[in-house]
Amino acid sequence: MIKYLTQSTWSHAALYVGDNSCPGVAASPQGGVFVEADLAEGVRVVGFEEFEGYPLRICRPVGLGREDLERLIAFACGRVGHRYDLRNILDLARYLLPLPPIPTPWRRRMLGLGSGDPTRAICSTLIAEAFQSIRYPILPIPIAGEASVFQRRHYTLFTPRDFDLSPWFEVVKPALIGGFDPHKLHWQEPA
């Protein structure tokens, strides 16, 4: 549903928090640790194996210092155990496919976003709220007539593709690291 509503390749987002554990969470998987919001289990910690076989896009924030990273990770890990916010999904659908059509600025003000319960989240809002907690931009709204002045978008309006579209996140393609030689590909001719 998210891919359809957002006209995106991406339907889910997870935050990589480190190699060994999520601070304050007892049972973290060993190896790569991610915090994500799952429809059935809510906000949880998972390992790399959860994403095996899925197409992935790595979006790395640029310019964060160690202290910012630690605060970001602590924020996300502090949400483990929260429940999934199904109402936020319904609100996103109303926002992205409004009936009747209403201009975007009015739509933002009219919409009650999510359940309003701070112990609920969806995948992209969990990550957006974590980045906003350290004042890191994702896709802020430019203020008309003001150079380099932005307004924060409400964290419940973010979707997985927004991290991919953000000019402040570097898109990392692991298959291209270390070089790519198109001449080494083997092609099968069509029958």
message = Using a 1.4 Å probe on the protein heavy atoms only, what accessible surface does E52 show? Give it in Å² to the nearest 10.
response = 150
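On a 1.4 Å probe surface of the protein chains, which of T9, T156 comes out largest in accessible area, and what is the full order?
T9, T156
Please list I58, I138, I177 from largest to smallest accessible area, probe radius 1.4 Å, with all protein chains kept in place. Display every interim value, and only then the final one.
Values: I58 70, I138 5, I177 120 Å².
From most accessible down to least: I177, I58, I138.
Taking all protein chains in place and a 1.4 Å probe, what share, in percent, of the accessible surface of the stretch 16-82 do carbon and sulfur account for?
52
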For the stretch 22-71 and the stretch 140-165, distance of Cα centres in Å = 23
key: Largest-first ordering by accessible area, 1.4 Å probe, given options H12, H183   = H183, H12
ask   = Between D38 and Y16, what FRET efficiency follows from the Cβ-Cβ distance if R0 is 22 Å, with the result rounded to 0.05?
value = 0.85
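With a/c under 1.5 counting as rounded, go ahead and sort the stretch 9-71 into rounded, prolate or oblate using the C-alpha gyration tensor (a ≥ b ≥ c being the square roots of the eigenvalues; past the cut-off, prolate if a/b is larger than b/c, else oblate).
The shape class here is oblate.
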message = At 1.4 Å probe size, what's the solvent-accessible area of R152? Round to the nearest 10 Å².
response = 130
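The values are calculated or read from the model by the stated rules, or taken from the named source; none is laboratory data. Keep in mind the model is a prediction, meaning the values are calculated, not measured. Quick reminder, even Gly has a Cβ in these numbers, built from the backbone with ideal geometry, and neighbours come from all protein chains shown. Surface accessibility is based on the protein's heavy atoms, side chains included, excluding ligands, DNA and RNA. Shrake-Rupley method; radii C 1.70, N 1.55, O 1.52, S 1.80 Å.
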